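*Asks:* First the structure, then my questions, so here it is.
The values are calculated or read from the model by the stated rules, or taken from the named source; none is laboratory data. Only a predicted model underlies this, so the values are computations on that prediction, with no experimental measurement involved. Neighbour counts run over all protein chains shown; Cβ positions are idealised from the backbone, glycine included. Remember, those area values only see protein heavy atoms, side chains included, never the ligands or the DNA or RNA. Shrake-Rupley method; radii C 1.70, N 1.55, O 1.52, S 1.80 Å.
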Amino acid sequence: MSVTRTGPLPTGEASEYDVVVVGAGVVGSAIARALARYPLRIALMEAANDVGDGTSKANTAILHTGFDAAPGTLEARLVREGHRLLGAYAREAGIPVEPLGALLVAWDEEQRATLPRLAEKAERNGHRTTRLLGATELAAREPHLGPGALGALEVPGESVICPWTTTLAYATQAVRSGVDLHLNCRVEKVRPGDPYHRLVTRRGVLRTRLLVNACGLHADAFDALVGREDFTVTPRRGQLLVFDKFARDLVRHILLPVPGALGKGVLISPTVYGNVMLGPTAEDLDDKTATGTTAEGLAGLREQGGRILPALLDEEVTAVYAGLRAATGQEDYRIAAHPALRYVTVGGIRSTGLTASLAIAEHVLGLLADCGLDPGPARPLAPVRMPNLGEAFPRPYRDAELIARDPEFGTIVCHCERVTRGEIRAALVSTIPPGGLDGLRRRTRARGGRCQGHHCGAEVRALFEEGPREGRSAGRYGKGAP
Amino acid sequence: MTRAVRGGGAVTRAVDVLVVGAGPAGLSAAARLAAAGAGRVEVLEREATAGGVPRHCARPGFGADALGRALTGPAYARRAVREALRAGAAVRTGVSATGWAGPLTLEVTAPTGLERIRAGAVVLATGARERPRSARLVPGTRPAGVLTTGELQRTVARFGPRTEHIGRRAVVVGGDPVARGAVRTLRAAGVDVAAVVTGLPSPAVAFAGVPVLVGAVVTELLGRGRLSGIAVRGGDGRTSVLRCDTVVFTGDWIPDHELVRAHGLPLHPGTRGPVTDQGFRTAEPGVFAVGNLLRGVEPALVAAAEGRAVARAVLERLAGGPWPASGVPVAATAPLRWVTPGLLGPEAATSLLVRPERRLVRPVLTVTQDGAPLRRERLGGTLVPWRSVRLGARWTSGVDLAGGPVTVSAEE
């Protein structure tokens with residue numbers, strides 16, 4: 001077990017793996033974690049300097065039920081299974097989840113007429129608890145909705161989740177169970193071979209019997225490295241606005257748009273951090289690095305959001321960001337085994353990938369067996385208990401016992417998000433420490449609030465640059481802390 | 001008088017006056033109240049050092065010492081802390097008030113544990129912050145190198161004036177004295193200032209040789225990992241890219257009103273600070289608000305004067321005085337941005353603070369109640385959007401405190 005960010009990769013026998021998973025997003029990390037149950041040599045390779053640094057960090061953070069998936073698709077099955085698996089795992093690993101339920105709000109007659117059909121579709125996907133709400137009940141359930149809401153379809157079970165903690169929990173558990181994580185390690189060439197494929201990087205060459213492509217937006221480019229051209233990934237940009245915590249009382253459910261002829265519309269959702277999110281846009285692009293927001297995109301979101309929840313626009317915006325979803329021109333995942341190459345491609349994982357991640361991982365285990373992997377007997381994974389980033393669960397700054405054990409947890413550094421010095425120090429000595437301030441934010445919420453570092457930026461940076469302090473805070477955070 | 005009871009993991013304590021925030025307003029309130037015999041006066045400061053924003057403003061402009069020598073921000077801050085302590089107030093640093101446990105009772109997190117502090121009176125003096133890039137809805141990527149003046153100053157205070165911790169080439173956004181402060185701070189740290197970008201039709205202050213783009217807006221941040229430039233649309237409608245690795249967004253203040261809102265107290269729509277009357281009383285009995293929490297940034301001396309001025313109403317409250325139920329609401333109309341306080345009364349006429357939306361040359365100001373003009377007067381000077389003007393007691397002397405809303409308007 002090790003995490004590397006710089007320097008030469010292992011050589012000799014240490015460079016030989018049974019399976020290498022390329023791409024440490026939520027899907028790749030879940031696959032590495034699933035493989036870690038077996039007595040295998042596994043590596044997880046990532047081009048960026050942190051796990052979950054691509055599509056996995058910038059999404060709508062919803063744990064879907066899959067009620068609206070296309071029935072009969074692989075995606076529908078994996079989302080349904082994944083929802084159950086991740087719900088259970090979140091409780092075990094301390095990933096914040098709030099089962100708020102969703103309301104698909106109809107704003108015109110056409111949308112209202114669509115609701116019963118969506119309820120039928122949900123039923124075909126195995127969700128029988130949806131319910132139609134009239135305008136009066138809807139107004140009682142969501143009193144801050146703008147004028148003109150005609151009714152809604154209620155979908156119990158739709159939840160909000162912390163996407164950062166989810167990916168980090170998978171990767172942490174994988175590493176603690178023996179997986180080697182190589183960050184800053186882009187695979188530039190693949191030289192297929194038998195019994196070993198050779199993966200060429202600027203930091204050295206790794207050899208592996210089996211190979212998994214979990215490269216997200218770049219899954220098509222990686223396929224090309226092994227000579228496959230089965231699909232093209234078109235990045236679909238989703239811009240999002242996050243509103244300050246004072247907006248949280250304005251909305252009680254995840255407010256989903258009713259899909260219609262005029263496109264999909266935007267959602268308004270609480271976040272587990274106590275904020276409210278508005279978005280996403282859907283723009284098909286060519287550039288897989290175009291994660292910038294645009295004036296038109298933000299103005300359009302505010303206009304749509306203001307109709308749904310007028311009071312939202314009075315609140316401060318704490319973040320503007322954009323994520324890219326991996327569209328492949330097919331309304332399903334593109335997961336395929338290539339037994340002759342001992343290679344599995346996990347592509348086209350769209351916005352449902354966070355929800356489906358654990359089910360995708362189990363599915364990929366089966367495909368690896370088809371490619372000749374004999375995993376051997378399973379054993380329990382090393383336990384993991386993640387620091388809580390959710391507002392609905394106890395946080396260190398309110399934990400008298402924790403503060404009594406270590407006063408660092410009574411010293412708030414990031415005031416907007418109430419992040420203590422103890423949490424920052426714990427993150428710096430965790431199994432997969434952050435590679436930068438953004439990584440630290442995804443592990444602690446530090447600098448993620450309304451002031452965006454105006455008050456705490458310099459202090460948080462000083463703590464980060466000071467680095468881990470031996471014997472401090474690590475392990476005091478509770479049993480199984482990462 | 002302090003008493004401590006353990007319960008529910010938090011220590012419950014009682015003080016006479018609890019001041020939240022040890023900046024100029026909070027410290028001067030504490031000093032005045034402690035000196036006046038208000039009993040146990042405790043100031044909570046969430047940062048490691050008391051003194052507030054002036055700690056980071058290494059320039060004169062903070063009044064003078066006893067010998068008439070100009071004070072810099074840090075010297076002023078030290079003196080304010082010293083005066084509060086000398087008067088007998090307790091100033092606790094690294095201690096955060098995180099919410100309300102009940103009326104006049106705050107939830108507090110400190111390295112020594114959790115506390116619930118109940119007070120006879122609470123004075124909120126939590127200050128203000130500059131809006132960051134996100135709140136200004138500036139599009140583009142999310143690279144490092146995007147700061148506010150506050151973060152820039154704190155970075156210099158924390159790491160020293162060194163380019164390694166700031167950048168090599170910066171653009172400053174804003175055109176008022178805060179922007180000039182940012183330019184000076186950057187230059188003192190050895191950072192090349194490429195330009196000042198301001199939406200104003202002309203800059204408020206001189207920028208000593210730095211090119212100023214007027215009537216301009218930042219339309220996009222560029223760069224991955226580190227800022228590589230900003231796109232700016234100029235007054236002529238053309239967009240160009242300024243290469244820089246640092247951009248500092250200045251001004252555009254918003255009160256740090258979290259405790260105000262956590263209590264559900266009404267906000268003044270123009271300032272986003274709490275509505276108070278002329279004694280700095282909020283809608284909640286025993287809770288006062290002073291300083292830049294009321295409306296964003298005014299000079300430290302103005303905030304400190306408010307801190308001193310609140311003492312009288314606090315002492316009245318501690319002596320069992322009734323809480324005024326309401327006052328006469330005051331509002332500003334365009335081209336005025338805001339007027340504070342939000343309520344006139346119950347004290348006899350005192351002054352109003354007015355801020356325009358744009359530059360107004362020798363405007364005529366009118367104070368109206370229930371549609372009837374009370375006072376109309378041409379001001380001698382020019383109003384500018386980065387500075388407030390104080391309207392003295394004569395402006396409100398005719399207001400009927402039992403009457404309807406008062407409006408302040410302006411025309412050129």
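*Asks:* Of B:Ser228, B:Ser134, B:Ser96, which is the most mobile in a GNM of chain B whose springs link Cα atoms less than 10 angstrom apart?
*Replies:* The residue with the greatest mean-square fluctuation here is B:Ser134.
*Asks:* By how many nm would the segment from A:Ala14 to A:Ala369 grow when fully extended, if each residue of separation counts as 0.36 nm and the alpha-carbon distance is taken off?
*Replies:* Result: 125.5 nm gained on full extension.
*Asks:* While we're looking at this one, here's another question. Grab the DSSP H runs of chain A that are 4 residues or longer, score each as -39,500 (n - 2.57), total them, divide by all residues and round the 222 nm result to the nearest 500 deg cm²/dmol.
*Replies:* It comes out at -9000 deg cm²/dmol, rounded to the nearest 500.
*Asks:* Among B:Gly234, B:Gly270, B:Gly225, which one shows the highest mean-square fluctuation when chain B is modelled as a Gaussian network with alpha-carbon springs under 10 Å?
*Replies:* Of the options given, B:Gly225 has the highest mean-square fluctuation.
*Asks:* Specify which residue in the list B:Thr109, B:Pro60, B:Ala35 is farthest towards the positive end of the charge dipole of region B:1-149, using unit charges on the beta carbon of Lys, Arg (+1) and Asp, Glu (-1), about the Cα centre.
*Replies:* About the Cα centre, the residue reaching furthest to the positive side is B:Pro60.
*Asks:* Just checking the output field for A:404-415: average partner chain Cβ neighbours within 10 Å of each residue's Cβ?
*Replies:* The shielding value for this peptide is 4.
*Asks:* Another one. List the residues of region B:219-233 that lose 40 Å² or more of accessible area once all protein chains are present, compared with their chain alone (1.4 Å probe, heavy atoms only, no ligands or nucleic acids).
*Replies:* In region B:219-233, residues shielded by partner chains: B:Arg224.
*Asks:* Per DSSP H run of at least 4 residues, take -39500 (n - 2.57); add these up for chain B, divide by its residues and hand me the 222 nm value, nearest 500 deg cm²/dmol.
*Replies:* Helix-only estimate at 222 nm: -5500 deg cm²/dmol.
*Asks:* How would chain A be classified by its alpha-carbon gyration tensor: rounded, prolate or oblate, with rounded meaning a/c under 1.5 and the a/b versus b/c comparison settling the rest?
*Replies:* oblate
*Asks:* On to the next question. So how do B:244-250, B:371-377, B:405-411 stack up, highest first, on mean other-Cβ count within 10 Å?
*Replies:* B:244-250, B:405-411, B:371-377
*Asks:* Taking 37 °C and 0.692 mPa s as the conditions, I'd like the Stokes-Einstein D for region B:221-311 in µm²/s, using the Kirkwood hydrodynamic radius from alpha carbon pairs.
*Replies:* Answer, rounded: 204 µm²/s.
*Asks:* For the protein assembly as shown, what is the charge dipole size about the Cα centre, in debye to the nearest 20, if Lys and Arg each add +1 at the Cβ and Asp and Glu each add -1 at the Cβ?
*Replies:* 2400
*Asks:* Ordered by packing density, taken as the mean number of other Cβ atoms within 10 Å over each peptide's residues, highest first, how do A:321-332, B:203-214, A:437-448, A:369-380 rank?
*Replies:* So the peptides A:321-332, B:203-214, A:437-448, A:369-380, ranked by packing, come out A:437-448, A:321-332, B:203-214, A:369-380.
*Asks:* While we're on this one: Given the options B:Arg390, B:Arg40, B:Arg69, which has the most mean-square fluctuation in a GNM of chain B, springs set between C-alpha atoms less than 10 angstrom apart?
*Replies:* B:Arg69
*Asks:* What is the calculated FRET efficiency for B:Asp370 to A:Asp108, with r their C-beta to C-beta distance and R₀ = 56 Å, to the nearest 0.05?
*Replies:* The computed FRET efficiency comes out at 0.80.
*Asks:* Enter the mean number of other protein chain beta carbons within 10 Å of the beta carbon of each residue in B:126-137, as an integer.
*Replies:* Mean inter-chain Cβ contacts per residue within 10 Å come to 6.
*Asks:* In addition: Out of all DSSP beta bridges in the protein assembly as shown, what portion is antiparallel? Express it as a percent rounded to 5.
*Replies:* Beta bridges within the protein assembly as shown, antiparallel portion: roughly 60 percent.
*Asks:* Counting only pairs 8 or more places apart or on different chains, how many lysine pairs in the protein assembly as shown have C-alpha atoms closer than 30 Å?
*Replies:* 10
*Asks:* Would you mind giving the total buried accessible surface between chains A and B, with a 1.4 Å probe and ligands, DNA and RNA left out, rounded to the nearest 100 Å²?
*Replies:* That pair of chains buries around 3800 Å² in total.
*Asks:* Rounded if a/c is under 1.5, else prolate if a/b beats b/c, else oblate: with a ≥ b ≥ c from the C-alpha gyration tensor eigenvalues square-rooted, which is region B:38-92?
*Replies:* Judged from the Cα gyration tensor, region B:38-92 comes out oblate (a/c at least 1.5, b/c at or above a/b).
*Asks:* Along the Cα→Cβ direction, 7 angstrom out, place labels at B:Arg358 and B:Arg158. What is the inter-label distance in nm?
*Replies:* Taking the simple label geometry, B:Arg358 and B:Arg158 are separated by 3.9 nm.
*Asks:* A further question follows. Could you tell me which trypsin sites (Lys or Arg not before Pro) in region A:106-171 are loop residues by DSSP with no more than 11 other beta carbons within 10 angstrom of their beta carbon?
*Replies:* A:Arg128
*Asks:* Size of region A:188-286 along its principal axes in angstrom, Cα-based, largest extent first?
*Replies:* Cα extents, longest axis first: 59, 33, 20 Å.
*Asks:* Right, here's the next one. Carbon and sulfur atoms: what percent of the 1.4 Å accessible area of region A:275-366 do they account for?
*Replies:* Carbon-and-sulfur percentage of accessible area, whole number: 53.
*Asks:* Report, as an integer, the average count of C-beta atoms from other chains found within 10 Å of each Cβ along B:91-104.
*Replies:* 2
*Asks:* Kindly identify the protein assembly as shown as rounded, prolate or oblate by the Cα gyration tensor criterion: order the square roots of the eigenvalues as a ≥ b ≥ c, call it rounded if a/c is under 1.5, otherwise compare a/b with b/c, prolate if a/b is larger, else oblate.
*Replies:* It comes out prolate by the Cα gyration axes.
*Asks:* Please work out how much length the chain gains when fully extended from B:Thr239 to B:Arg394, using 0.36 nm per residue of separation minus the C-alpha to C-alpha distance, in nm with one decimal.
*Replies:* 50.9 nm
*Asks:* Considering only DSSP beta bridges whose two residues both sit in chain A, what percent are antiparallel, to the nearest 5?
*Replies:* Counting DSSP beta bridges with both partners in chain A, the antiparallel share is about 70 percent.
*Asks:* Run the dipole for region B:331-411 about the Cα centre, Lys and Arg Cβ at +1, Asp and Glu Cβ at -1, nothing else charged, and hand back the magnitude in debye, nearest 20.
*Replies:* My answer is approximately 480 debye.
*Asks:* Could you state the accessible area per residue of chain B in Å², with a 1.4 Å probe and every protein chain left in place?
*Replies:* Per residue, chain B has an accessible area of 40 Å².
*Asks:* Over the Cα atoms of region A:396-466, what is the Rg over Rh ratio if Rh follows Kirkwood?
*Replies:* 0.95
*Asks:* Ignoring ligands, DNA and RNA, what percent of the accessible area of region A:396-466 is carbon or sulfur (1.4 Å)?
*Replies:* Solvent-exposed carbon and sulfur of region A:396-466 make up 41 percent of the total.
*Asks:* Also, quick follow-up: Kirkwood Rh over Cα pairs of region B:331-411 into Stokes-Einstein at 4 °C, 1.567 mPa s: D in µm²/s?
*Replies:* This corresponds to a translational diffusion coefficient of 103 µm²/s.
*Asks:* Considering the dipole of chain A built from charges on the beta carbon (Lys and Arg +1, Asp and Glu -1) around the Cα centre, which of A:Val205, A:Leu145, A:Val26 is farthest to its positive end?
*Replies:* So the residue furthest toward the plus end is A:Val205.
*Asks:* Now, a different point. Given +1 on the Cβ of Lys and Arg, -1 on the Cβ of Asp and Glu, and no further charges, what dipole in debye does chain A carry about its Cα centre, rounded to the nearest 20?
*Replies:* Computed about the Cα centre, the dipole is about 1220 debye.
*Asks:* Indicate the residues belonging to region B:141-157 that lose 10 Å² or more of solvent-accessible heavy-atom surface (probe 1.4 Å) upon moving from the chain alone to the assembly of all protein chains, ignoring ligands and nucleic acids.
*Replies:* In region B:141-157, residues shielded by partner chains: B:Thr141, B:Arg142, B:Thr148, B:Gly150, B:Glu151, B:Arg154, B:Thr155.
*Asks:* Still on this structure: State the answer as a single residue: which of A:Pro116, A:His455, A:Pro394 lies farthest towards the positive end of the charge dipole of chain A, with beta carbon charges of +1 for Lys and Arg and -1 for Asp and Glu, about the Cα centre.
*Replies:* Highest projection toward the positive end goes to A:Pro394.
*Asks:* Sticking with this one: I'd like to check one number: the per residue accessible area of chain A, probe 1.4 Å, reported in Å² as a whole number.
*Replies:* 37
*Asks:* With a 1.4 Å probe and every protein chain kept in, tell me what percent of the accessible surface of region B:132-249 is carbon plus sulfur.
*Replies:* Ligands and nucleic acids excluded, carbon and sulfur reach 52 percent.
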